[in-house]
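Student: For reference, the structure I am asking about is given below.
The values are calculated or read from the model by the stated rules, or taken from the named source; none is laboratory data. If you're wondering where the values come from, they're calculated on a predicted model, not measured in any experiment. Heads up, the Cβs are rebuilt from the backbone with ideal geometry, glycines too, and the neighbour counts pull from every protein chain shown. What goes into the accessible areas is simple: the full protein's heavy atoms, side chains included, and nothing from ligands, DNA or RNA. Shrake-Rupley method; radii C 1.70, N 1.55, O 1.52, S 1.80 Å.
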Amino acid sequence: MKLRFDKVKIREWLIVIGPAALLVLVAFAITTRFIEPAPPRTIVMTAGAEGGAYDSFARKYKGILARDDITLDIRSSAGAGQNLERLRDVDSEFSVGFVQSGVGSSDADGHLLSLGRMYHEPLWVFHRLPGNVDRLPQLQGKRLAIGAPGSGTRSLALQLLAANGIGGSAAILLELGSADAAAALLAGKADAAFMVASPEAAAVQKMLREPGVKLMSFAHAEAYARRFPFLSKVVLPQGMIDFARNIPAQDMVLISPTANLVIKNDLHPALIFALTQTASAVHGKAGVFQAEGEFPAGKDAEFPMSADAARYYKSGPPFLQRYLPFWIAVLADRLLVLLLPLLTVLLPLMKFAPMIYGWRIRRRMVHWYAELKALEQRMGKAPADSDAHLADLARIEEAVVRLPIPVGFSDQHYELRSNIDFVRRRLAG
């Protein structure tokens, strides 16, 4: 008998739990559609020329990301212009790169986002011309090294020269990168060299210390900053490069775009947080043109900011990543996204499933209680028809004995059978 009742119990629970399990599976299927896949372990970055500032910073990123088992695959490029072209190609393998402000705009790049401004990279104009040169129109008719094709230097130089009416036959434009431009200037093959670079760049350091080479201080710096929103006016303080040799000999006013970190909008959110955190570690210190904490800056005039990066700048890293290793935090975060909706379904089911189970068992006995009550009413109306009443009572008793009742409800089952005996005694009396 016990075995039979256990089977009944299992069957009843399956009947109750079956629809609940189906509901959980549906919730699970819906939830999985909203879970981000696991992030890849490799990010392909388009940096810059080997030995340049972009390449140098990219290698710092690589070392920091490696601590979290993230591989940064660095590919060299001609500069910011080529970086932007690579990122614009939706089919390219590149996910992130440095892009100089002013080189591109979001109008042409619906799939690009910004992680913010990383640092100032000023425009340095070195020359060996007589007298004081502080305005670009003074370079008209000269041999100007304006940067290599695909570089941000060339893009900015052409914009500024065009704004000053210098183009075409008004000057001889030499498309040379920083190192070649410096060599051409020293060899007398160029009159001025344009370089967009950080102060630590080798070519910039060389030119600042080279006797006879002058750095242009922009008289129109404020005007340029207002005309071109991607430019800022910055000052190189006297003696900042070398106190002992007093380089520069006076405050020099420069104009500066910023180096921005641009990504494709399909980059995994976890990797966006990792890159933004890395950028903060690399660019957050004080420098020649920035105060501590000034960069990275969560704004970009040309590309929309990544919501994940903006959240990092506002609130810091995600909660789990503050206390757990990167990949464990990513896994836990994905599991939480999965578990929360499931728990929302499971908790009510855990509460109501036993109630539904008990209701199903009691409903069977309630049916025969109703039959027994109806028999008593018939007995009161027709007491002489005892044979028919006994036959009905026997039918009820047989059905109750055959009821599939789990062991846990045996007390209620026996109580029902006791009530049947009570009605039989009334009939016999």
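Student: Can you give me the number of residues within segment 128-147 that are polar (S, T, N, Q) and touching a residue at least 24 places away in the same chain (Cβ under 8 Å)?
Tutor: Here the count works out to 1.
Student: Then there is this: Considering only segment 248-266, state which residues are surrounded by fewer than 23 Cβ atoms within 10 Å (Cβ to Cβ), touching a strand residue (DSSP E or B) at 6+ places or on another chain (Cβ under 7 Å) and over 30 Å from Leu215 (Cα atoms).
Tutor: Of everything in segment 248-266, those that are surrounded by fewer than 23 Cβ atoms within 10 Å (Cβ to Cβ), touching a strand residue (DSSP E or B) at 6+ places or on another chain (Cβ under 7 Å) and over 30 Å from Leu215 (Cα atoms) turn out to be Lys264, Asn265.
Student: Shifting gears a bit: Which residue pairs have Cβ atoms closer than 6 Å, lie 6 or more positions apart in sequence or on different chains, and pair a first residue in segment 364-375 that is farther than 10 Å from Ile420 by Cα with a second residue that is in a helix (DSSP H, G or I) and acidic (Asp, Glu)?
Tutor: Going by the 6 Å Cβ cut-off, the qualifying pairs are Leu375/Asp392.
Student: Another question, if that's okay. What number goes with the only condition from (1) in a loop (DSSP other than H, G, I, E, B); (2) buried (at least 17 other Cβ atoms within 10 Å of the Cβ); (3) more than 41 Å from the chain's Cα centre (by Cα) that Leu185 does not pass?
Tutor: (1)
Student: Taking Arg245, is it basic (Lys, Arg), open to solvent by 40 Å² or more (accessible area, probe 1.4 Å) and outside any loop (DSSP other than H, G, I, E, B)?
Tutor: Answer is no for this residue.
Student: Right, something else. Just the residues that are of a type in the set (A, V, I, L, M), surrounded by 17 or more Cβ atoms within 10 Å (Cβ to Cβ) and in a loop (DSSP other than H, G, I, E, B), please, taken from segment 37-56. Before you say what the answer is, go through the steps one by one.
Tutor: Applying the first criterion (of a type in the set (A, V, I, L, M)) to segment 37-56 yields 38, 43-45, 47, 49, 53.
Going one step further and asking which of them are surrounded by 17 or more Cβ atoms within 10 Å (Cβ to Cβ), we end up with 43-45, 47, 49, 53.
Ala47, Ala49, listed by residue number.
Student: Restricting attention to segment 283-304, and to residues there that are under 19 Å from the mean Cα position of the chain (by Cα) and surrounded by 16 or more Cβ atoms within 10 Å (Cβ to Cβ), which single residue is modelled with the lowest pLDDT? So that I can check it myself, show each step before the final result.
Tutor: Taking segment 283-304 as the starting set, the residues that turn out to be under 19 Å from the mean Cα position of the chain (by Cα) are 296-300, 303-304.
Of the ones still in play, those that are also surrounded by 16 or more Cβ atoms within 10 Å (Cβ to Cβ) are 296-298, 300, 303.
On the way: Pro296: 95, Ala297: 94, Gly298: 92, Asp300: 87, Phe303: 91.
Step by step, filter segment 283-304, then rank; the result is Asp300.
Student: Within segment 214-229, which residues are closer than 18 Å to His120 by Cα, assigned to a loop (DSSP other than H, G, I, E, B) and out of contact with any helix residue (DSSP H, G or I) (no Cβ under 9 Å at 6 or more places or on another chain)?
Tutor: Of everything in segment 214-229, those that are closer than 18 Å to His120 by Cα, assigned to a loop (DSSP other than H, G, I, E, B) and out of contact with any helix residue (DSSP H, G or I) (no Cβ under 9 Å at 6 or more places or on another chain) turn out to be Ser217, Pro229.
Student: Quickly run through segment 96-150 and pick out the residues that are closer than 26 Å to Thr278 by Cβ, part of a strand (DSSP E or B), of a type outside the set (A, V, I, L, M) and in contact with a Lys or Arg (Cβ under 7 Å, 6 or more places away or on another chain).
Tutor: Selection gives Gly97, Gly116, Arg117.
Student: If we keep just the residues of segment 123-150 that are closer than 15 Å to Tyr224 by Cβ and within 45 Å of the chain's Cα centre (by Cα), which is surrounded by the fewest Cβ atoms within 10 Å (Cβ to Cβ)?
Tutor: My answer is Arg135.
Student: Can you find a residue in segment 151-160 that is over 33 Å from the mean Cα position of the chain (by Cα) and open to solvent by 10 Å² or more (accessible area, probe 1.4 Å)? I'd like the intermediate steps shown before the answer.
Tutor: Here is the first cut: in segment 151-160, the residues over 33 Å from the mean Cα position of the chain (by Cα) are 157-160.
Among the residues that remain, those that are also open to solvent by 10 Å² or more (accessible area, probe 1.4 Å) are: 158-159.
Checking segment 151-160: at least one residue is over 33 Å from the mean Cα position of the chain (by Cα) and open to solvent by 10 Å² or more (accessible area, probe 1.4 Å).
Student: Just for segment 191-213: of the residues that are assigned to a loop (DSSP other than H, G, I, E, B) and charged (D, E, K, R), which one is surrounded by the fewest Cβ atoms within 10 Å (Cβ to Cβ)?
Tutor: Keep residues of segment 191-213 that are assigned to a loop (DSSP other than H, G, I, E, B), which gives 191, 197-201, 210-213.
Subset that is charged (D, E, K, R): 191, 200, 210.
Working: Asp191: 20, Glu200: 11, Glu210: 14.
By that ranking, first place goes to Glu200.
Student: Also: Any idea which of (1) of a type outside the set (Asp, Glu); (2) under 30 Å from Ala286 (Cα atoms); (3) not in a loop (DSSP other than H, G, I, E, B) is the one Leu161 doesn't satisfy?
Tutor: Leu161 satisfies every listed condition except (2).
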